[in-house]
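**Q** Pasting a structure here, questions to come.
Nothing in this text is a laboratory measurement; each read-out follows from the coordinates by a stated rule. Note that the coordinates shown come from a computational prediction; the quantities given were computed from them, not determined experimentally. Here the Cβ positions follow ideal geometry from the backbone for every residue, glycine too, while neighbour counts run over all protein chains shown.
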Protein chains: 4
Amino acid sequence: MTETIGFIGLGAMGGPMAANLARAGHNLVVFDADRSKEIEVAELGAAVAGSVAEVAGKADIIVTMLPDSPDVEEVALGAAGVRAHGRPDQLLMDMSTIAPATTDRLCRELNEAGIGFVDAPVGRLVAHAIAGESLFMVGASGNDFGRVKPLLEAMGSTIHHCGGPGAGIRTKLVNNLIAIAVCQIDAEAISLAQAFGLDIATTLDVINGTTATNGHLVSAWPNKVLKGDTEPGFRIALAHKDVSLALEAAREAGIPMFAGAAVRESLALAKGDAAFAGRDFSALLDHVCSLAGLKPPRT
Amino acid sequence: MTETIGFIGLGAMGGPMAANLARAGHNLVVFDADRSKEIEVAELGAAVAGSVAEVAGKADIIVTMLPDSPDVEEVALGAAGVRAHGRPDQLLMDMSTIAPATTDRLCRELNEAGIGFVDAPVGRLVAHAIAGESLFMVGASGNDFGRVKPLLEAMGSTIHHCGGPGAGIRTKLVNNLIAIAVCQIDAEAISLAQAFGLDIATTLDVINGTTATNGHLVSAWPNKVLKGDTEPGFRIALAHKDVSLALEAAREAGIPMFAGAAVRESLALAKGDAAFAGRDFSALLDHVCSLAGLKPPRT
Amino acid sequence: MTETIGFIGLGAMGGPMAANLARAGHNLVVFDADRSKEIEVAELGAAVAGSVAEVAGKADIIVTMLPDSPDVEEVALGAAGVRAHGRPDQLLMDMSTIAPATTDRLCRELNEAGIGFVDAPVGRLVAHAIAGESLFMVGASGNDFGRVKPLLEAMGSTIHHCGGPGAGIRTKLVNNLIAIAVCQIDAEAISLAQAFGLDIATTLDVINGTTATNGHLVSAWPNKVLKGDTEPGFRIALAHKDVSLALEAAREAGIPMFAGAAVRESLALAKGDAAFAGRDFSALLDHVCSLAGLKPPRT
Amino acid sequence: MTETIGFIGLGAMGGPMAANLARAGHNLVVFDADRSKEIEVAELGAAVAGSVAEVAGKADIIVTMLPDSPDVEEVALGAAGVRAHGRPDQLLMDMSTIAPATTDRLCRELNEAGIGFVDAPVGRLVAHAIAGESLFMVGASGNDFGRVKPLLEAMGSTIHHCGGPGAGIRTKLVNNLIAIAVCQIDAEAISLAQAFGLDIATTLDVINGTTATNGHLVSAWPNKVLKGDTEPGFRIALAHKDVSLALEAAREAGIPMFAGAAVRESLALAKGDAAFAGRDFSALLDHVCSLAGLKPPRT
């Protein structure tokens, strides 16, 4: 813990994360554009800097936890930022959720200035950040990963080293796309259950015992499509039929079902391709890959 | 087991189901428009009828397992069908997956002829049907449920009594909508992971430890939105930001992402409503309900 | 005008249409389930029937103008309907907007009873129906078209003979899909103009001088894609870029843009196919046809 | 014509545009990163610069016609660009199609350096650019518009002054969104016509006489919704019915109809709002505005 840690961005997530670093005894210097946010972590022993430039001057590792791509870009590459006021052998660890293209540019331009780069966006909720139980998806070289690991361990309880720089933010976007899109799907489907007058507790009891929530990714896909096996358990053509019936019922019930409708047309697209219509519905992965000109993943 | 069971429709699912009834010792009379499909179950001791009318004449309970709504309608209500050739106190149990509006009409018109009606569509795969391990979602009055229960127990291992007639097929459509739509979401997201060059096994390892696959319906919703608690853990406005970043990356990677795009616009819609933008993303349920003029479900 | 015309369905459109037949001197017998709707046309000299069956007994040509598929099905094929109470050499002309599959069944089953069938759904608005200026899209054999033409001329000012039975309703669905979907597109785009703070009159002045409203179908397509010429004037890849910029601006402006988003992904799909990315954007027609396994149309 | 015109970007559109400036006798200095593209316009008398900086040093008005936002940003604001090497009272006219947010930043930052800014993206096709018959959508102050007008007149035949800086690019995005989205709608609908087996020439003859292609924006909206009149000619609820029938037919025909499906759900959304269901379908404009929290436009 001999390295000085700079922490820029002390918002709803960043504040508790910095506090946990301070509590773990890290030598900390912090900055937030809203100076009032520095008070709490200062009381835990952190030094307060007057500017990003001052953090860049003092810290060995600089952590950024900021709202969006332009904020991180400004702090890292701006005239008053880390590159301009830092030095070789520093490391910037961006924990914000930003565009991967920005992450890549930050990494490239900082590296050109001799500054290392790690992306380590944060999973889970504010409550977990406060409790030091966050999840981190880390993109880093092996050496850099070792250097930031003690910090991550002070702030969270689950650390995934996803690959080299850029792999952390990309893993987060894939993860959150699924988590959020599934929430919208659930919202549309349970609204249909409500319109149907079903008992919701009973309905959940049923759903929670099927692949509807057990997750294709947990067990079905690793043993099927990801092994290259798309022998039909449940054919794409049948999936198209079932979703069409649900959509028709939603129409009658007056439920706008935007995600469901897009799924239905996606199934129509796959069903219209002779190579897919009769395949297992897990082959939707191969279908989307084929549309995108990608080799489908196999594990 | 004193009742005679008629079974109409001996296809990929119906054949093994009827065979399990025969093996369990039920007194069985079967029919399929494709007569060759009757051979296997006949060898297990089932009588073979020459027509639907003959089944209707002989059976106490008639099971239908047919491709689509018009098929069941023809068998149940057609000139050569069950209503025309059956008798009061018979029971028709439709196990097909059909439109709920058709289910309701079948129930009503058969009831008017004194014939009982149960809908009991089948979950899980052909392999489960063969093994007698199907899942059934049953819509039935209490009495009728008791009457068909021994049959269901001979054919499957999980039996959900979802409510009165019509509740079985409705539960199945809700369940399958989720199971299938989630599969399409997964296909789009994992294709993005592939385009990103992520290691898929590592990515799955991350995803399978978050709400992406643990399922909102298993634990999050029952303790949050379904209790009326939409205090933000993860705000809808933030969900909109993250999905927008994923969509932008998909655009750059050349992945058509129809379901993801519809989800993004749905989030824009919710975010544009002051009552929802700052709520937890589980409040998407309440948002869709509000769009549909429904009271949101609470358990 | 020696034939007796039955008219069933005297609603917002049907009432004025029947009135125009009466004014033109046709021998008319009318029925509506809501008996109060018969008064106006009776005052113009039409006889009032007590039932569909009575209309079927008296009329040579029976016109139906009803809300939806099941209504027409009941009137045409029900126990109290035209088939049951009519006679060979009658003609039923359905002017309702219903499912083409129903139209085909009506035609087939009426023909089997020796009764002719014409579909002639109505374009334009109630005001046009009142003024006798409706537009009709007619599916009929040559003989039947001649037989109904005097009626159509009494009710409207534009008559398209689109092909044999079923071609009228199909043409209407294609036409209305375009008219309505374009309205939604316009709504999304002009909302964006409003969010941009543009002067709407100036914006319309610009738009109304480009292919945005001149219509691909009026001049561009007949001379390009429909002649098999997809040499790029404006490439699909460029169309994808422009719509992506508009979508990004809509995201920033907080406009949910569901149709625009689906268009964007459709362009991503076409752009991802090497056979289409560099083609003129009119080749989207060939792309959708190829997805559907159809030979693209050429004129 | 005493001002020296710099022209940066001599691609498929920029090349012919610069050539037309040269032919009109403008004093021209040009640059393209691909030096071979300068030959043609040099033969027409243009001077060739060795860099963007040289153009910035010599020209009074600098025109940019580049592929995308980052290209224009680099040329305008980069270390080797216009701001760095130009001088007050110069004017940069960007004719590229880029993100409006970038346009706004360019304008602001150039203005801070005393350099004027005009956006004037180009409509119509390459053939029109060659013939000097392009269409321009111009965002400029009144003075700047006067200054660039002679240039625009040398390059095109239709010039719209859409408003202040930024209004040109915004008008283009709205215009192109409509032009392109309508093309996709037409592609889906005419594919349906093809699947229906309709004669396409006859179908076009019908469509081209209705609001399907006459354009809501040309006549219907200016006299209806834009005047605040949404009395129903054709109700949103009926539009929802018709599009649902078309979607159902597309499902049966195996045509994936992504845009049509999103339109259908948008209509379901509007129909579910009591304030809109019974309104004229032109009120879709007011509906989208209400979803986006915008005051609907009135002219």
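**Q** Would you list B:His26, B:His85 from fewest to most Cβ contacts within 10 Å?
**A** B:His85, B:His26
**Q** Contact order normalised by length for region B:93-137, with contacts defined as Cα pairs under 8 Å and 6 or more residues apart; what percent is it?
**A** Here the relative contact order equals 39 percent.
**Q** Size of the dipole of region A:170-292 about the Cα centre, Lys and Arg at +1 and Asp and Glu at -1 on the beta carbon, nothing else charged, in debye to 20?
**A** It works out to roughly 380 debye.
**Q** For label points placed 7 Å from Cα toward Cβ, what is the shortest-first list of nm distances from A:Gly114 to its copies?
**A** 3.9, 9.8, 10.3
**Q** May I pose another question? Pick out, from A:Ala189, A:Asn214, A:Ser134, the residue whose Cα sits farthest towards the positive end of the charge dipole of chain A, with +1 on the Cβ of Lys and Arg and -1 on the Cβ of Asp and Glu.
**A** A:Asn214
**Q** Shifting gears a bit: If I take every Cα pair under 8 Å that is 6 or more residues apart in region A:170-292, average their sequence separation and divide by the length, what percent do I get for the relative contact order? Kindly include the intermediate steps, with their values, before the conclusion.
**A** Details: 88 pairs, mean separation 37.1, N = 123.
Once normalised by length, the contact order is 30 percent.
**Q** Can you pull the mean other chain C-beta count within 10 Å for peptide B:235-247?
**A** Partner-chain Cβ atoms within 10 Å, mean over residues of B:235-247: 6.
**Q** To one decimal in nm, how far is D:Gly11 from the same spot in the other copies, if labels go 7 Å from Cα toward Cβ? Please give the shortest first.
**A** 3.4, 5.2, 5.2
**Q** Something else: In debye, nearest 20, what is the charge dipole magnitude of region D:244-290 about its Cα centre with +1 on Lys and Arg Cβ and -1 on Asp and Glu Cβ, if you could check?
**A** Magnitude of the dipole: close to 40 debye.
**Q** How many nm separate the modelled label positions at D:Ser157 and D:Asp229, each set 7 Å beyond the Cα in the direction of the Cβ?
**A** It works out to 3.5 nm between the two label points.
**Q** Put +1 on the Cβ of each Lys and Arg and -1 on the Cβ of each Asp and Glu in region A:40-129; which of A:Met95, A:Val118, A:Pro67 then has its Cα farthest toward the positive end of the dipole?
**A** My answer, from the dipole projection, is A:Val118.
**Q** Hey, can you grab everything whose amide H is under 5 Å from the amide H of C:Phe136? Only 5+ residues off in sequence or another chain; H modelled, so Pro and N-termini drop out.
**A** C:Gly123, C:Thr158, C:Ile159, C:His160
**Q** Lysines near C:Lys149 by alpha-carbon distance under 25 Å, same-chain residues fewer than 8 away left out - which ones?
**A** C:Lys149 reaches C:Lys58, C:Lys172.
**Q** Hey, what did chain C get for relative contact order, percent, Cα under 8 Å, at least 6 apart?
**A** Answer for chain C is 11 percent.
**Q** One decimal, nm, shortest first: give the distances between the label point of D:Gly278 and those of the same position in the other copies, each label point 7 Å from Cα along Cα→Cβ.
**A** 3.6, 5.4, 5.7
**Q** Under a GNM of chain A (C-alpha, springs under 10 Å), which listed residue has the highest mean-square fluctuation: A:Gly139, A:Gly123, A:Gly25?
**A** A:Gly25
**Q** Then there is this: Dipole magnitude of the protein assembly as shown about its Cα centre, charges +1 at Lys/Arg Cβ and -1 at Asp/Glu Cβ only, in debye to the nearest 20?
**A** In debye, rounded to 20, the protein assembly as shown gives about 0.
**Q** Which FRET efficiency value, to the nearest 0.05, do you get for A:Asp205 and A:Glu54 by plugging their Cβ-Cβ distance into 1/(1 + (r/R0)^6) with R0 = 45 Å?
**A** In this case the efficiency is close to 0.20.
**Q** Also: Smallest Cβ-to-axis distance in chain C, for the rotation taking C to A: which residue, how many Å?
**A** Per the Cβ-to-axis criterion, the result reads C:Phe258, 3.
**Q** Which of rounded, prolate or oblate describes chain A when judged by the alpha-carbon gyration tensor and an a/c cut-off of 1.5? Mind dumping the intermediate values first?
**A** On the way: a/c = 2.68, a/b = 2.01, b/c = 1.33.
Prolate, because a/c is 1.5 or more and a/b exceeds b/c.
**Q** Also: Compute the separation of the alpha-carbon centres of region A:44-68 and region C:75-117 and state it in Å as a whole number.
**A** With region A:44-68 and region C:75-117 each reduced to a Cα centre, they are spaced 80 Å.
**Q** While we're looking at this one, here's another question. Could you name the lysines whose alpha carbon sits less than 21 Å from that of D:Lys227, not counting residues in the same chain fewer than 8 places away?
**A** By straight Cα distance, D:Lys227 reaches D:Lys295.
**Q** Between A:Leu92 and residues 5 or more places away or on another chain, which pairs have amide H atoms under 5 Å apart, with H built 1.01 Å from N, and which residues are they?
**A** A:Ile62, A:Gly116, A:Phe117, A:Val118
**Q** Report the one residue of B:Asn223, B:Phe281, B:Ser244 whose Cα lies farthest in the direction of the positive end of the charge dipole of region B:170-292 (charges on C-beta: Lys and Arg +1, Asp and Glu -1; origin at the Cα centre).
**A** Toward the positive end, the furthest listed residue is B:Asn223.
**Q** Please list the helices of chain B that count as membrane-span-like by this rule: a mean Kyte-Doolittle hydropathy of at least -1.0 together with Cα atoms stretching 30 Å or more along the helix axis, each helix being a complete DSSP H run.
**A** B:167-196
**Q** Could you work out how far apart the two model spin labels at B:Asp68 and C:Asn143 are, taking each label as a point 7 Å from the Cα in the direction of the beta carbon, and quote it in nm?
**A** So the label points at B:Asp68 and C:Asn143 sit 3.3 nm apart.
**Q** Across the protein assembly as shown, what fraction of all alpha-carbon pairs, as a whole percent, falls in each successive 10 Å bin from zero upward?
**A** 2, 9, 16, 19, 20, 16, 9, 5, 3, 1, 0
**Q** Just B:Val75, B:Val206, B:Val41 to compare: in a GNM of chain B, with alpha carbon springs under 10 Å, which one fluctuates most?
**A** In the Gaussian network model the winner is B:Val206.
**Q** Hey, another quick one. Under a point spin-label approximation (7 Å from Cα along Cα-to-Cβ), what is the A:Arg105-D:Thr4 distance to one decimal in nm?
**A** Computed distance between label sites A:Arg105 and D:Thr4 equals 3.2 nm.
**Q** Here's a follow-up. How many Cβ atoms of partner chains, on average, are near each residue of B:128-139 if near means within 10 Å of its Cβ? Each step should come with its number before you reach the end.
**A** Values: counts 1, 0, 0, 0, 0, 0, 0, 3, 1, 4, 0, 1.
Shielding by partners across B:128-139 averages 1.
**Q** Give me D for region A:4-164 in µm² s⁻¹, whole number, from Stokes-Einstein with Rh from the Kirkwood sum over alpha-carbon pairs, 10 °C and 1.306 mPa s.
**A** Diffusion coefficient, whole number: 105 µm²/s.
**Q** Loop only per DSSP, at most 15 neighbouring Cβ atoms within 10 Å: give me the trypsin sites (Lys or Arg not before Pro) in region A:204-299, ordered by residue number.
**A** A:Arg298
**Q** Related question: From the helices alone, meaning DSSP H stretches of at least four residues, give me the mean residue ellipticity at 222 nm for chain B, per-run term -39500 (n - 2.57), in deg cm²/dmol to the nearest 500.
**A** -15000 deg cm²/dmol
**Q** Going by C-beta contacts inside 10 Å, put D:Val263, D:Val218 in order with the fewest on the left. Working shown, then result.
**A** Details: D:Val263 31, D:Val218 16.
Fewest-to-most Cβ neighbours within 10 Å comes out as D:Val218, D:Val263.
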